[in-house]
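Here the structure is laid out as C-alpha cells; the discussion comes afterwards.
Just so it is clear, none of the values below were taken in a lab; they were calculated from the coordinates. Computed from a predicted structure; not experimentally measured. Glycine also receives a Cβ, built like all others from the backbone with ideal geometry; neighbour counts cover every protein chain displayed.
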Amino acid sequence: MTESHISLTQAEWSVMECLWEAGPLTGRKVTQHMEQQNGWSRSTTLTLLSRLEHKGAIESVTTESGPKIFSPLLGREDAALRETEDFLSRVYQGSLSLMVNSLTKKQAISREELVELHELLKGLEEEKHD
C-alpha cells in the first residue's frame, strides 16, 4: 500500500500524532503516552502500532538491547491531505468552493484568515497564468 492510499482511523491518528510529535519512540514510550493521553491499555496501543505498521504508516526497528523503536513513515501533511481529499469528495462532491461556502455561513471567519485565503487564491491564480 502506498503512502497516498493509507487511511487512518481516529485511534490510529492519535498514535500517529504521538510519533509525529516525539518519534521515534520505543513501544513502551508510546504505550505510556497513550495511557496518559487516552487511558488506553498497553494491548490496545500495541494493536494499533501493529495495524499502523501493517498499513505502512510506521516502521519498527528492533535494537540490540531489545526494545522496538517505532518511527512514522507517513508524514503528517500527507495524511492530512489524504483525509481532506476523502472528506471533500465524500461530503462536498469534490467541490472546495461548496465546502468553503458552507463553513463560512456557519462560522465567522477572521480578518486574518480572510487575508490568508485571498493570498492563497491569488498565488494559485498566478501559478495558472505562468
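Set the Förster distance to 35 Å, then compute FRET efficiency between THR9 and HIS129 from the Cβ-Cβ distance, nearest 0.05.
So the FRET efficiency works out to roughly 0.25.
Based on the mean of other Cβ atoms within 10 Å per residue, sort peptides 25-38, 61-74 so the most packed one is first.
My ranking of the peptides, most packed first, is 25-38, 61-74.
Which of these values of semi-axes √(5λ) of the Cα gyration tensor in Å was calculated from the structure shown: (i) 26, 21, 12; (ii) 29, 14, 12; (iii) 36, 17, 14?
Given (i) 26, 21, 12; (ii) 29, 14, 12; (iii) 36, 17, 14, the structure-derived one carries the label (iii).
For the chain, with a Gaussian network of springs between Cα atoms less than 10 Å apart, report the residue from LEU117, LEU88, LEU103 with the top mean-square fluctuation.
LEU117
With r defined as the distance between the Cβ atoms of LEU98 and GLN37 and R0 fixed at 30 Å, what FRET efficiency is calculated, to the nearest 0.05?
0.30
Estimate the FRET efficiency between ASP78 and GLU53 by the formula 1/(1 + (r/R0)^6), using the beta-carbon distance for r and 22 Å for R0, to the nearest 0.05.
0.85
Given points 7 Å out from each Cα along the Cα-Cβ axis, report the ILE109 to THR63 separation in nanometres with one decimal.
Placing both labels 7 Å beyond Cα along the Cβ direction yields 4.8 nm.
Per DSSP H run of n ≥ 4, the term is -39500 (n - 2.57); total these for the chain, divide by its residue number, and report the mean residue ellipticity at 222 nm rounded to 500 deg cm²/dmol.
My calculation for the chain gives -21500 deg cm²/dmol from helical runs alone.
Short version: ³J(HN,Hα) in whole Hz for each residue of region 117-129, in order, from phi by Karplus 6.51 cos²θ - 1.76 cosθ + 1.60 (θ = phi - 60°), x for Gly and Pro, what are they?
4, 4, 5, 4, 5, 4, x, 5, 5, 5, 4, 5, 8
Extension gain ARG90-GLU21, at 0.36 nm per residue separation less the Cα-Cα distance, in nm?
21.9 nm is the gain from fully extending ARG90 to GLU21.
Among GLN36, ALA11, HIS54, which residue has its Cα positioned farthest towards the positive end of the charge dipole of region 2-86, with +1 placed on the Cβ of Lys and Arg, -1 on the Cβ of Asp and Glu, and the dipole taken about the Cα centre?
Value computed over the given set: GLN36.
Please report, in debye to the nearest 20, how large the charge dipole of the chain is about its Cα centre when each Lys and Arg carries +1 at its beta carbon and each Asp and Glu carries -1 there.
Here the size comes out at about 660 debye.
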